[in-house]
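Okay, structure first, notes after.
The values are calculated or read from the model by the stated rules, or taken from the named source; none is laboratory data. Please read all numbers here as calculations on a predicted model, not as lab measurements. Cβ placement follows ideal geometry from the backbone for every residue including glycine, while neighbour counts extend to all protein chains displayed.
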Amino acid sequence: MSRFHGTTLRLVRDMGPLSRTELMGEMGVSSPSLTKIANRLVEAGLLHEGGKRDEVNFGRPRQYLDLAETGWRVACVSLMPGRLEVGIADKDARVLLARRFDLDCSAIQALAMVPDALRALQAELDLGDDRIAGLCLTLPGHVDLEGRRLLAVSRPGWGEGPLIEVLEAALPWPVTLENKVTAMAFAEAVRARRADHHTMLYLYLDQGLGAAFIREGRGAAFSGRDALELGHIRVETPGRPCECGLSGCFETVLTADMIRSSDHEILGGAWPLVAQQFANIVNLLSPERVVLGGGLAQLSPEVRGSLGDAILAQVMPHARARTEFRPSLLGPDATLQGAAAVALDRFTIREEPYEPQIRASGFAFPVFRTGDFGVVSADPL
């Protein structure tokens, strides 16, 4: 299948049900060409015609193309020190069922738990192996562009080993890796209908402080690029010790415990420094939207508003009016939704075949690659 098939799937995924006329305008193709493309995707079971939108129509009801409900299932796994999450998600990266485990073991030992957990979820959902397109594992660290190797970890001594090989040896599906925060940022961008904004900065606070910058860019395949170590920028000297081995890192100043604390003096005392560092990254990247995830999303509207005001006061004047702050849309399943969004993108909406994984698994699902989201930076939280 051509690149137009992947582009069609991407547009329907990102913009919701679309008419054939709307798709022709977005893609710049003729009516006969669009008919061939759409019919091929409908025949493959990837699109269905008959999707609805909330609108008032006069006369004959309009027909819209939407992603088909069947066949769009992916396995999603999130692994970090002390925690393992395993789930199965649908075509919208919404988690259908999940299991969570507290850990006291290495990453390799934790991954040995994944096959049994997924088999239990499959049984509960009555899903055969042929209904799952692939699996994405997200974790802290730098991941290579192909999503096959963990290049470096931010917590020394954790995460090394043949992660992909362990999962692919035990499961019948292709597997890909992605940085946890990068994956959540991608899911956030897709969920928010990226046509509204072309650049987005995602800030995430949990065990540490992470960030990812999303931009829309044709021709740049979606994957982690150079890591942005936002949580490990040194902001205090000498500062408190950090798990990375340094001291005074940003994530020792801004912590999830501090956000949850009822001691407003502690929070207020750190706020000027926090606002200054966030303003620095906004000045550097000039995002149109800043999304607060994890613990930052739990801030009250009043506190979140005051933080946004404090950040904007230190942002370049020309950028203030165009920068929007809001909490994440993903909710409690954010980490698994991130993994699911990446799995859907890599295993169901590719423009060129993902041959190594197809051959290894025997999986016959039509595979495309969109290549339209560029993630240019991510903190390996």
Please indicate, with yes or no, whether at least one residue in region 170-185 is crowded, with 23+ Cβ neighbours inside 10 Å and small (G, A, S).
yes
How many of the residues in region 268-298 are buried (at least 18 other Cβ atoms within 10 Å of the Cβ) and outside any helix (DSSP H, G or I)?
7
One residue is enough: does region 190-197 have a residue meeting the conditions part of a loop (DSSP other than H, G, I, E, B), over 30 Å from L18 (Cα atoms) and in contact with a helix residue (DSSP H, G or I) (Cβ under 8 Å, 6 or more places away or on another chain)?
no
Output yes when any residue across region 42-58 is surrounded by 16 or more Cβ atoms within 10 Å (Cβ to Cβ) and modelled with pLDDT of 85 or more, and no when none is.
no
Take the conditions basic (K, R), outside the structural domain of E324 (by TED's automatic domain parsing), more than 22 Å from R346 (Cα to Cα) and in a loop (DSSP other than H, G, I, E, B) and apply them to R155. Does it pass?
yes
Filter region 281-302 down to the residues that are farther than 20 Å from E188 by Cβ and in contact (Cβ under 8 Å) with a residue 24 or more places away in the chain and list them by number.
N283
Out of (1) part of a helix (DSSP H, G or I); (2) surrounded by fewer than 20 Cβ atoms within 10 Å (Cβ to Cβ), the odd one out for V29 is which?
(1)
Out of (1) surrounded by 21 or more Cβ atoms within 10 Å (Cβ to Cβ); (2) not in a strand (DSSP E or B), the one Q109 does not meet is (1)
Given the condition polar (S, T, N, Q) and at pLDDT 90 or above, answer yes or no: does some residue in region 60-69 qualify?
no
